[in-house]
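In what follows, a single structure is set out as structure tokens and then discussed.
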């Protein structure tokens, strides 16, 4: 089973059909570890101004996005890196909803959600990515893998999701999780109906995001 961790930053679900991808990162997971030598991360030009909103990373400004490639330009590279593989992410269904809408040629085999694994371990705890990385003492390792990055930036969050997968999977499924048991615990079919967009988004620093 080939695994690729993903995170993307978007303009927000309140944009509905006009929601844009602003940044995306992919990190292959090899032998249950993120392979940063083959990581891919890029800003994406939404081809329109993006209002400043509390959940959008401060670095994603109109000036920084204006010279970035468009979604259509990066879609072939994304498809090459994703098609036929399992996408891993924290609340990955949200990322997939937007990615599938904007890049219809991308066809992963399935989705694996670290949020589902976290809820299996402790349904009542905080399940935001940054909170979980702190709980399992992974934050410093994420900073090492993505130097200069911060939470809610695509590459940082992708590296964090990749590390979190191994930690959570071994706690739930044992030291060498089998494909079938992992998919049963955390798998999401790619054809599951997307969650309807909400009118509001959490703050950038919302611990549940």
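Where a number appears in this text, it was derived from the coordinates with a stated rule and is not lab data. It should be emphasised that the depicted structure is a prediction, and the values quoted were computed from it without experimental measurement. Here the Cβ positions follow ideal geometry from the backbone for every residue, glycine too, while neighbour counts run over all protein chains shown.
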**Item:** Proxy reagent accessibility, fewest Cβ within 10 Å first, across 95, 17, 62
**Value:** 17, 62, 95
**FRET efficiency, 1/(1 + (r/R0)^6) with R0 35 Å, evaluated for residue 1 and residue 122 via beta carbons** = 0.85
**Message:** Just to be sure I understand the model, the point goes 7 Å from the Cα along the line to the Cβ. What's the resulting residue 64 to residue 107 distance in nm?
**Reply:** 3.5 nm
**Message:** Neighbour counts of other C-beta atoms within 10 Å: give me 135, 144 arranged from fewest to most.
**Reply:** 144, 135
**Complete:** Listed with the fewest Cβ neighbours within 10 Å leading, 152, 100 appear as 100, 152
**Asked** For the Cα atoms of the chain, what angle does the longest principal axis make with the long axis of helix 92-102, in degrees from 0 to 90, nearest 10?
**Response** 40 degrees
**Prompt:** Hey, rough spin-label estimate for residue 38 and residue 79, points 7 angstrom out along Cα→Cβ, what's it come to in nanometres?
**Reply:** 2.0 nm
**Message:** Taking the Cα of residue 16, stepping 7 Å toward and past its beta carbon, and measuring to each backbone N in the range 35-53: which are under 18 Å?
**Reply:** 51
**Gained length - residue 178 relative to residue 30, 0.36 nm times residue gap less alpha-carbon distance** = 51.8 nm
**Request:** Have a look at the DSSP beta bridges in the range 3-188 and tell me what percent are antiparallel, nearest 5.
**Result:** 65 percent
